[in-house]
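The values are calculated or read from the model by the stated rules, or taken from the named source; none is laboratory data. Quick caveat, the model's predicted, so the values are computed rather than measured. Every residue, glycine among them, receives a Cβ derived from its backbone with ideal geometry; neighbour counts consider all protein chains shown.
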């Protein structure tokens with residue numbers, strides 16, 4: 001198929017490469033010229049604008065940092081809606097708020113297109129390996145239509161319901177992730193303070209009722225899990241500022257729904273403190289620094 005792909009960051013670039021490997025033809029756009037050049041070398045056709053990337057394609061996929069970027073790329077003078085043919089689906093894999101998804105879907109409908117929210121989970125490793133989980137908000141018919149395209153980039157393609165439910169699933173998942181990482185950090189730091197070997201404590205938690213992904217795969221204490229960012233100076237993972245953004249999306253959505261998120265609000269403050277201390281680029285598991293003697297991050 002011929003696909004327009006907009007947003008070639010740490011997640012978008014490997015996703016686009018996997019589409020090329022699957023035999024699809026790509027028009028690509030990004031403000032980063034080097035990222036575009038890398039995809040060009042892999043066989044993609046560079047575009048000068050989102051409009052150009054969206055012209056004469058069967059699908060358009062966006063992977064952008066925030067809703068403001070999606071809006072600009074979608075509605076700008078040289079944006080997607082200015083170049084895309086009618087009835088061509090727009091698949092947005094950014095992580096944004098459900099209310100924005102509904103607004104963008106309405107704009108797309110007015111233009112004769114459909115807008116699908118399909119955020120992902122699995123991180124940069126999953127993006128590279130093509131094992132991402134896609135959480136899709138769309139009609140059942142459109143889900144079946146786009147599933148083969150998403151399958152070139154992911155292993156688990158889940159239909160969550162109508163438009164915006166993909167984002168609901170994503171922010172709820174990351175709400176759990178932010179909270180559990182803070183909880184594991186608190187427990188590991190307490191154990192260290194009380195004198196137990198962190199390696200021993202980690203093994204006990206990971207074979208007991210406290211077991212969770214934040215401990216058995218991504219443990220925040222250095223040396224407990226060899227492949228975790230904590231063992232490489234909290235680099236190369238999911239940034240603190242990104243977790244802060246996702247928790248903000250969750251708490252904002254909760255306000256609109258008048259639904260309490262007690263632990264989510266507290267977790268948001270922890271990651272806000274990390275960011276304010278200059279640790280926004282570190283992996284979010286660095287939140288353990290708030291509990292240890294190097295807590296100034």
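Working only within segment 271-296, note down all residues that are under 17 Å from residue 230 (Cβ atoms), more than 20 Å from the chain's Cα centre (by Cα) and outside any loop (DSSP other than H, G, I, E, B).
Selection gives 288, 289, 290.
Inspect all residues belonging to segment 49-65 and state whether any of them is under 20 Å from residue 31 (Cβ atoms), surrounded by fewer than 21 Cβ atoms within 10 Å (Cβ to Cβ) and touching a helix residue (DSSP H, G or I) at 6+ places or on another chain (Cβ under 6 Å).
yes
How do the pairs read when you match residues in segment 193-211 that are under 20 Å from residue 179 (Cβ atoms) with residues anywhere that are at pLDDT 95 or above and assigned to a loop (DSSP other than H, G, I, E, B), using Cβ under 7 Å and keeping only pairs 6 or more apart or on different chains?
Sorted first by the residue in segment 193-211, then by its partner, the pairs are 202/219; 202/221; 202/224; 205/211.
Scan segment 244-262 for residues that are surrounded by 13 or more Cβ atoms within 10 Å (Cβ to Cβ) and part of a helix (DSSP H, G or I) and report the count.
11
Of all residues in segment 213-237 being part of a loop (DSSP other than H, G, I, E, B) and surrounded by fewer than 19 Cβ atoms within 10 Å (Cβ to Cβ), which is modelled with the lowest pLDDT?
Checking each candidate, the answer is 236.
Of the residues 130, 112, 154, 137, which is in contact with a strand residue (DSSP E or B) (Cβ under 9 Å, 6 or more places away or on another chain) and at positive phi?
130
For segment 1-45, enumerate the residues that are assigned to a strand (DSSP E or B) and over 19 Å from residue 120 (Cα atoms).
Answer for segment 1-45, where residues must be assigned to a strand (DSSP E or B) and over 19 Å from residue 120 (Cα atoms): 2, 25, 26, 27, 28, 29, 45.
Consider residue 265 against the criteria (1) surrounded by fewer than 15 Cβ atoms within 10 Å (Cβ to Cβ); (2) assigned to a helix (DSSP H, G or I); (3) in contact (Cβ under 8 Å) with a residue 24 or more places away in the chain: it satisfies all of them except one. Which criterion is unmet?
Condition (3) is where residue 265 drops out.
If you scan segment 125-156, which residues turn out to be over 18 Å from residue 101 (Cβ atoms) and touching a helix residue (DSSP H, G or I) at 6+ places or on another chain (Cβ under 6 Å)?
127, 128, 130, 132, 152, 153
In segment 251-262, is there at least one residue being under 22 Å from residue 218 (Cα atoms) and at pLDDT 95 or above?
No, because not a single residue in segment 251-262 is under 22 Å from residue 218 (Cα atoms) and at pLDDT 95 or above.
Here is a yes/no grid of residues against (1) surrounded by fewer than 22 Cβ atoms within 10 Å (Cβ to Cβ); (2) over 14 Å from the mean Cα position of the chain (by Cα); (3) closer than 16 Å to residue 5 by Cβ:
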{"position": "121", "(1), (2), (3)": "yes, no, no"}
{"position": "133", "(1), (2), (3)": "yes, no, no"}
{"position": "136", "(1), (2), (3)": "no, no, no"}
{"position": "140", "(1), (2), (3)": "yes, yes, no"}
{"position": "147", "(1), (2), (3)": "yes, yes, no"}
{"position": "154", "(1), (2), (3)": "no, no, yes"}
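Might you check whether a residue that is in a helix (DSSP H, G or I), touching a strand residue (DSSP E or B) at 6+ places or on another chain (Cβ under 9 Å), under 25 Å from residue 172 (Cβ atoms) and not assigned by TED's automatic domain parsing to the domain that holds residue 246 occurs anywhere in segment 46-60?
Taking every residue of segment 46-60 in turn, none turns out to be in a helix (DSSP H, G or I), touching a strand residue (DSSP E or B) at 6+ places or on another chain (Cβ under 9 Å), under 25 Å from residue 172 (Cβ atoms) and not assigned by TED's automatic domain parsing to the domain that holds residue 246.
Quick check on my filter: what residues within segment 21-35 are buried (at least 19 other Cβ atoms within 10 Å of the Cβ) and in contact with a strand residue (DSSP E or B) (Cβ under 8 Å, 6 or more places away or on another chain)?
Residues satisfying the conditions are 24, 26, 27, 28, 29, 30.
How many of the residues making up segment 66-77 are buried (at least 17 other Cβ atoms within 10 Å of the Cβ) and in a loop (DSSP other than H, G, I, E, B)?
Qualifying residue count, segment 66-77: 0.
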